[in-house]
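Engineer: Sharing a structure here in structure tokens format.
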Amino acid sequence: MLKIAICDDEKYVRSFLRKLIEQQETDCEIWEYSSGKELLQSQGVGSCHEELPQRQGQVSDMGNMPQKQNHLGVSSKQKPPGEIDILFLDISMGDVDGMTAARMLREHAREQKTAVWGSLPLLIFVTGYPDYVREAFSVQAYQFLVKPVEEKEFAAVFEQAAAECRMIKSRKREEPHELLIRRGSTTRKVLEEDIYYAESSNRKVILCLGSEKITYYGRISGLEEELSDHFFRVHKGYLVNMKYVERYSRTEIWMKNGDKLLISRYKYQDFAKAYLRYISGGNG
């Protein structure tokens, strides 16, 4: 599933872009941001100790959560996504303009030792100012759409971007993802693919690696953001690797190591859909 963000301070533009995305019939989640500040906050860029550029007299409500829409148009207040796959970004906005937000996102990637070229999000500027084309590529923009956006042009650009995202994700899956787990004064490397499931217990996380279990202080929500979409939060206390799911019912999941886990009735339908996507992708 692609995670797509739209950042524009004009609501009708966000609605129009969402409509165009939904017309592509791609399995995706759509997040809306009405300002550059909201976008940067959702990605953990900047903090309360840093002064982000802001127009004098402009007040930004940082307490508002962005809206998420799936491709069926159903919206709800949700926690912002971890990594965005495709970002549609306006340049001229009231608080933090799009070019500044893009530079800060790219700088944050460099600080995380992440290569900017060939990484996510794919940045597509959507603006009424075509003179910014050259500057857009200085922040490694993937494409540049000029308002008013034509539907055929949007469809072509979106198709290319979605295909590029899939290739980038495929390359990432080929590279083993390692987690650094700290227990007291000891740090241990754990391969993501070796994790059967994670369990939350008070303020601790228990990683199950087949027959071995590792306990450390942490939050399962933070681990969920770090792991790939092969993992699914089936219960507030369990995060499972779909690679090791043997079978499931509406109330329980049986793992390949013999462990049996609870599944929340509120999570069942979403899990069933995610698991079908996983096995249909040839990863079972």
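Engineer: Counting only protein heavy atoms and using a 1.4 Å probe, what share of the accessible area of segment 167-284 belongs to carbon plus sulfur, as a whole percent?
Structural biologist: Roughly 45 percent of what the probe reaches on segment 167-284 is carbon or sulfur.
Engineer: Still on this model: Figure the gain on full extension for Q269 and S228 (residue separation times 0.36 nm, minus the Cα-Cα span) and round it to one decimal in nm.
Structural biologist: Between Q269 and S228, full extension yields an extra 12.8 nm.
Engineer: With a 1.4 Å probe and every protein chain left in place, work out the accessible area per residue of segment 198-284 in Å², rounded to a whole number.
Structural biologist: 59
Engineer: When only alpha-carbon atoms count, how far does segment 202-277 stretch along each of its three principal axes, as whole angstroms with the largest first?
Structural biologist: That gives 31, 24, 21 Å along the principal axes, largest extent first.
Engineer: Let me ask something else. Using a Förster distance of 22 angstrom, determine the FRET efficiency expected from the C-beta separation of I279 and L209, and round it to 0.05. If you can, show how the numbers build up before the last one.
Structural biologist: Values: r = 22 Å, r/R0 = 1.01.
Once the sixth-power term is evaluated, E becomes 0.50.
Engineer: Additional query: Provide the gained length on full extension for the span D131 to N202, in nm with one decimal, where the gain is 0.36 nm per separating residue minus the Cα-Cα distance.
Structural biologist: 20.2 nm
Engineer: Out of the chymotrypsin sites (Phe, Trp or Tyr not before Pro) in segment 239-284, which ones are loop residues according to DSSP with at most 12 other C-beta atoms within 10 Å?
Structural biologist: Filter output for segment 239-284: Y266.
Engineer: Mind giving me the FRET efficiency for L180 and Q23? R0 is 51 Å, r the Cβ-Cβ distance, nearest 0.05 is fine.
Structural biologist: Values: r = 42 Å, r/R0 = 0.83.
Computed FRET efficiency for L180 and Q23 comes out at 0.75.
Engineer: With a Förster radius of 51 Å, plug the Cβ-Cβ distance of E159 and E193 into 1/(1 + (r/R0)^6) and report the FRET value to the nearest 0.05.
Structural biologist: Working: r = 31 Å, r/R0 = 0.60.
E(calc), rounded to 0.05, equals 0.95.
Engineer: S221 to L262: extension gain in nm, 0.36 nm per residue of separation minus the Cα-Cα distance?
Structural biologist: 13.0 nm
The values are calculated or read from the model by the stated rules, or taken from the named source; none is laboratory data. Quantities reported herein were computed from a predicted structural model and do not represent experimental measurements. A quick note on method: Cβ atoms are made from the backbone with ideal geometry, for glycine too, and the neighbour counts reach across all protein chains shown. Ligands, DNA and RNA are stripped out before the accessible areas are found, and what is left, the full protein with its side chains, is counted by its heavy atoms. Shrake-Rupley method; radii C 1.70, N 1.55, O 1.52, S 1.80 Å.
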